[in-house]
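The values are calculated or read from the model by the stated rules, or taken from the named source; none is laboratory data. It should be emphasised that the depicted structure is a prediction, and the values quoted were computed from it without experimental measurement. Glycine gets a Cβ as well: all are built from the backbone with ideal geometry, and neighbour counts include every protein chain shown. Just so you know, the surface numbers come from the protein's heavy atoms only, side chains and all, with ligands and any DNA or RNA stripped out. Shrake-Rupley method; radii C 1.70, N 1.55, O 1.52, S 1.80 Å.
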Amino acid sequence: IYDQMSEEAKQSYYGREVKDEVYPPSLVGDAAPTLQLLNVKGEEKLISLAQHGHRYLLIDFWASWCSPCIKEIPNLKRLYSKYHEKGLDIVSISADHNAEDWKQALKEYDIFWTNYLDINRHGITEYKVQFIPSIFVVDEKGKLIGEKLRGKELEDMLEKLFQ
């Protein structure tokens, strides 16, 4: 529908808002946003993902009810095992509405890296997440260098980064 709008409508305030929803601008090259998230103890924390202290950081947006997210967990575990000693870390941010469902999934799928709950949707909004799983890659300078990756595409990127 957006593509069928007149140029005048596309340039209007609402037209630009719709464009950002339909075709969100890339975050690659931007600093990783600081987020307000809940940790597993239920404490609200201000998290700076730009200052992560690793060579590379994967930011994984997921949810316990999302079957593609669950299918991605073994891939993330494999990549973590392969590259963690070389400087890779992972932070998962759950889109669950229920903290108990999230905590149960962490146990059930043995997700051992750092995890947060995005109960207020701050992370989803800041990262312009339209679907999950959505995985972002941040470099040691805190800049986003990859977005909305998973599976083979994510694996290929990490292989190039760690050559």
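The length gained by stretching the chain between SER12 and LEU46 to full extension, at 0.36 nm per residue less their Cα-Cα distance, is 8.7 nm. Ligands, DNA and RNA left out, the 1.4 Å accessible surface of the stretch 35-120 is 48% carbon and sulfur atoms.
Each peptide in 135-145, 85-95 receives the mean, over its residues, of other Cβ atoms within 10 Å, and ordering these scores from highest gives 85-95, 135-145. Centroid-to-centroid, using Cα positions, the stretch 26-77 and the stretch 120-163 are 9 Å apart. Excluding ligands, DNA and RNA, the accessible surface per residue across the chain is 56 Å² with a 1.4 Å probe. Just to verify a number: FRET efficiency for LYS141 and ASN120, C-beta to C-beta distance, R0 = 25 Å, to 0.05? So the FRET efficiency works out to roughly 0.35. Over 20 Å apart at the Cα level, from the set LYS71/LYS143; LYS103/LYS128; LYS77/LYS107; LYS86/LYS148, are LYS71/LYS143; LYS103/LYS128; LYS86/LYS148. Beta-bridge orientation, the stretch 32-163: approximately 60 percent antiparallel, per DSSP, counting only bridges with both partners inside.
A Stokes-Einstein calculation at 10 °C with viscosity 1.306 mPa s, built on the Kirkwood radius of the stretch 44-89 over Cα pairs, returns a diffusion coefficient of 131 µm²/s.
Taking 0.36 nm per residue of separation and subtracting the Cα-Cα distance, full extension of the segment from ILE1 to LYS19 would add 5.4 nm. For the stretch 1-114, pairs of C-alpha atoms spaced more than 20 angstrom apart make up 57 percent of the total.
Based on Cα atoms of the stretch 75-163, Rg over Rh with Rh as the Kirkwood radius reads 0.96. Dividing the radius of gyration of the alpha carbons in the stretch 1-40 by their Kirkwood radius gives 1.22 for Rg/Rh.
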